[in-house]
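The values are calculated or read from the model by the stated rules, or taken from the named source; none is laboratory data. Keep in mind that what you see is a predicted model, and the values were worked out from it rather than measured. No Cβ is skipped: glycine too gets one built from the backbone with ideal geometry, and neighbour counts run over all protein chains shown.
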Amino acid sequence: MSVPIAKKVLMNESRAVAKLVSKLNEDFTDAVDLLASSKGRAIVTGMGKPGFIAQKVSATMASTGTPSLYLHPAEALHGDLGRVTRDDVIIAFSNSGETEEVVRLIPIIKKIGSGLISITGNKDSTLAVNSDFVLDSSVDKEACPMGLAPTTSTTAMLALGDALAIALIEKKKFQPQDFAMFHPGGSLGKRLILRVEDIMRPITKTPVVGGNTMVKDVLVKITEMRAGSASVVDGKGKLIGIFTDGDLRRNFEQGADIRTAKVKDVMTCSPVTISKDRLAAEAFDVLRRKKIDEIPVVDDKNRPLGILDVQDILEAGLV
């Protein structure tokens, strides 16, 4: 019984959102222009369930290049209106357009001089009539069988709020790197911000040896520095190879006498490398594609600067 009800709710709400398309008009374009040109913030308000939608829309705007905060209408009437300036634009959510706490804000908003955009299901309401621009979020009926609980109406408000935020992204030419700046703690932000040099193991913590170094001595250095590999360089300090535990195993299997071998005879020659200014996410893609665990980091003259290990990427939270 529950599944048919759920399907009915989803169909109801999806139809309502689809109908919003035909309700878009110049007010939407003008609302976007007003927000994009504002020198202040998008201050979003709403009471009850629309208030929760307002908070989500404010958070979306703030994370996508439009400075924004949520203003609780009841608290606004008791001092928080001091947060509002004439440079701000108010976005008010109210299905009826007659929500007492929201309507009572209108005269003060007008006195301050802020712009007012309403997202409401009643274009003839007090809120709509007193707004600079009105976005029609009206729905035929709520998904609630009693027609009481805000359901379809709040979904419509959320969809319009998202439409505003995304339109602003386009208007402001907001880029992925800008998005990453506001999301440094998330994996997406890290993928767009973190560079190889931010998480690599520097050369001071990485064994660097000459090609004629005995393998047994290289192993001692790797153990002492608690590393997983050693960079092998020529007489000019340029990288010519890397020696890993994989090289050690392969040579053991092939019967090489590790006790007398030089590292240049068992290393991986001309290894895949990466520069320090590349994104760490790019480095991870290389490691995954090449099926390797470490990648040497080199400068423009192919001199080693450090090593990036897959464990470093995991610890950074990139994957």
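Computed quantities for the displayed model
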quantity	calculated
Qualifying positions in segment 240-257 - more than 20 Å from V310 (Cα to Cα) and either under 42 Å from the mean Cα position of the chain (by Cα) or not aromatic (F, W, Y) (or both)	I240, R250, N251, E253, Q254, G255, A256, D257
Only one of R259, R250, R195 that is closer than 23 Å to A281 by Cα, of a type outside the set (D, E) and in contact with a helix residue (DSSP H, G or I) (Cβ under 9 Å, 6 or more places away or on another chain)	R195
Residue match in segment 75-87 (condition: closer than 21 Å to L158 by Cα and in the same structural domain as S153 (by TED's automatic domain parsing))	no
Residue tally, condition exposed (fewer than 14 other Cβ atoms within 10 Å of the Cβ) and among the β-branched types (V, I, T), over segment 261-319	1
Residues (crowded, with 22+ Cβ neighbours inside 10 Å and in contact with a strand residue (DSSP E or B) (Cβ under 7 Å, 6 or more places away or on another chain)) located in segment 129-144	S131, F133, V134, L135, S137
Filter pass, T85 being over 26 Å from P150 (Cα atoms), of a type in the set (S, T, N, Q) and under 28 Å from the mean Cα position of the chain (by Cα)	no
Considering residues of segment 299-319 that are in contact with a Lys or Arg (Cβ under 9 Å, 6 or more places away or on another chain) and assigned to a helix (DSSP H, G or I) only, the residue farthest from K205 (Cα to Cα)	V310
Lone qualifier among D234, D257, D217 - being without any contact (Cβ under 8 Å) to a residue 40 or more places away in the chain, under 20 Å from K205 (Cβ atoms) and not aromatic (F, W, Y)	D217
Residues satisfying the stated conditions in segment 84-115, i.e. among the basic types (K, R) and touching a helix residue (DSSP H, G or I) at 6+ places or on another chain (Cβ under 8 Å)	R86, R104
Index of the failed condition, A159 passing every other in (1) out of contact with any Lys or Arg (no Cβ under 8 Å at 6 or more places or on another chain); (2) in a loop (DSSP other than H, G, I, E, B); (3) under 17 Å from K23 (Cβ atoms)	(2)
